[in-house]
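So the structure is just underneath, and the comments pick up after that.
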Amino acid sequence: MTGQVTLVGGGPGREDLLTLAAVRALEAADVVLYDRLAPYEGLTRLAPTAELVDVGKRPGHHAIPQHEIEELLVEHALAGRHVVRLKGGDPYVLGRGGEEVLACHRAGIAVDVIPGVTSAVAVPGAAGIPLTHRGISHLFTVVSGHAPLTDDELTHLAGLGGTIVVLMGVNSLPSLTAGLARHGMSVDMPVAIVERGFQPGQRTTIGTLADIVFAAGRAHVTSPAIVVVGDVVRLAHDGDAEASDLMRRAAGFAAVST
Ligand SMILES: C[S@@+](CC[C@H](N)C(=O)[O-])C[C@H]1O[C@@H](n2cnc3c(N)ncnc32)[C@H](O)[C@@H]1O
């Protein structure tokens, strides 16, 4: 009998941000292929009967290439096992979930997808940054910083007037900020970088389009991190209401509408 594959969105890394459906899928799994950014620390408890396979990148640990992950999914399912592919955030947000689903379909394997809490929204929220806020921003765009953005993309992003959320954007921060400024965004636009959201050591670095590269260098900002560009950054507080208030007033947002 052929088994099945369930792609599970593991959320931004904290176990209590798994969905109930995710917990049930893990309980029923025969094998779990998990990523570095998924909540893997409690996996022996959450998936007590499963073989656990680490396919994620970590310093000193060689990542398994994407095509090999897909081959593993198919191989285990063809051996009749219930395979859970536990991914960070949501499987369909910059997570190559679509490729894994297609690989299963091509092999004739049934596949379900359980959505997860995406870091794109949750991590800015963990630092007190709402992606939309009445009177400040009514739209947000999520982009990958893995490869530099094209001039066309930068023109649209700089002209949209909403919030920009960049995943995998630490290395490309200089080209992003220079590109947005070159395409007309004010160099005073606030920018935040939120590292290790929901993890011990979560930290937010705040600056402007003009100086965030310097601030990030000085603070030795590292991945995983989310970059947020937009006026909503003025509302950042990291859970500290007093700091938030000070920041709002300093930024001239005393009359923010709620
Ligand atoms: C390959 S993408 C996967 C995104 C995932 N599918 C999601 O929906 O969150 C990995 C990037 O997500 C971001 N990320 C994921 N979890 C994070 C966390 N806990 N804190 C900060 N950034 C995170 C980082 O930008 C990281 O480089």
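Please report the spacing between the Cα centers of the range 1-56 and the range 101-126 in Å, no decimals.
A separation of 12 Å, based on Cα centres.
Over the range 92-224, average the accessible area per residue using a 1.4 Å probe and give it in Å², no decimals.
49
Around A77, what is the net charge, scoring Lys/Arg as +1 and Asp/Glu as -1 over all other residues with Cβ under 13 Å from its Cβ?
-3
Can you pull the one-decimal nm distance between simple spin-label points at A79 and M1, each 7 Å off the Cα toward Cβ?
For the pair A79/M1, the computed spacing is 1.8 nm.
Given charges of +1 on the Cβ of Lys and Arg and -1 on the Cβ of Asp and Glu, with all other atoms neutral, how large is the dipole of the range 25-165 about its Cα centre, in debye to the nearest 20?
Roughly 400 debye, rounded to the nearest 20.
Compare the Cα positions of V32, G13, A122 along the charge dipole of the range 1-136 (+1 at Cβ of Lys, Arg; -1 at Cβ of Asp, Glu; about the Cα centre) and return the one farthest towards the positive end.
A122
Looking only at L160, L180, L235, which one moves most when the chain is put into a Gaussian network model with springs between Cα atoms under 10 Å?
With Cα springs under 10 Å in the chain, the top fluctuation among L160, L180, L235 is at L160.
Mind checking which of H183, H133, H67 has the largest fluctuation in a GNM of the chain, springs on alpha carbons under 10 Å?
Looking only at H183, H133, H67, the biggest GNM fluctuation is shown by H67.
Let me have the relative contact order for the range 4-117, percent, based on Cα pairs under 8 Å that are six or more residues apart.
43
Distances longer than 25 Å among the Cα atoms of the range 120-250: what percent of all pairs is that?
Details: 1318 of 8515 pairs.
I get 15 percent for the Cα pairs in the range 120-250 exceeding 25 Å.
In nm, to one decimal, how far is the modelled label at E71 from the one at N171, with both set 7 Å along Cα→Cβ?
Each label point is offset 7 Å from its Cα along the Cβ direction, giving 2.4 nm.
Using a 1.4 angstrom probe on heavy atoms only, work out the carbon and sulfur share of the accessible area of the chain in %.
Accessible surface attributable to carbon and sulfur in the chain totals 56 percent.
Relative to 2.2 N^0.38 Å, what does the C-alpha radius of gyration of the range 4-117 come to as a ratio? Two decimals please. Before the final figure, lay out the partial values.
On the way: Rg = 12.5 Å, N = 114, 2.2 N^0.38 = 13.3 Å.
Taking the Cα Rg and dividing by 2.2 N^0.38 Å, one obtains 0.94.
Rounded to two decimals, what is the ratio between the C-alpha radius of gyration of the chain and 2.2 N^0.38 Å?
Taking N as the residue count of the chain, the ratio is 1.10.
Given charges of +1 on the Cβ of Lys and Arg and -1 on the Cβ of Asp and Glu, with all other atoms neutral, how large is the dipole of the chain about its Cα centre, in debye to the nearest 20?
With Lys and Arg at +1 and Asp and Glu at -1, about 380 debye.
What distance in nm separates the simple spin-label points at T208 and A28, each placed 7 Å from Cα in the Cβ direction?
Taking the simple label geometry, T208 and A28 are separated by 5.5 nm.
The values are calculated or read from the model by the stated rules, or taken from the named source; none is laboratory data. Given the structure is predicted, the values throughout are model-derived calculations rather than measurements. As a convention, Cβ positions derive from the backbone with ideal geometry for all residues, glycine included, and neighbour counts pool all protein chains shown. When the accessible area is computed, the model is the full protein with side chains, heavy atoms only, and any ligands, DNA or RNA have been set aside. Shrake-Rupley method; radii C 1.70, N 1.55, O 1.52, S 1.80 Å.
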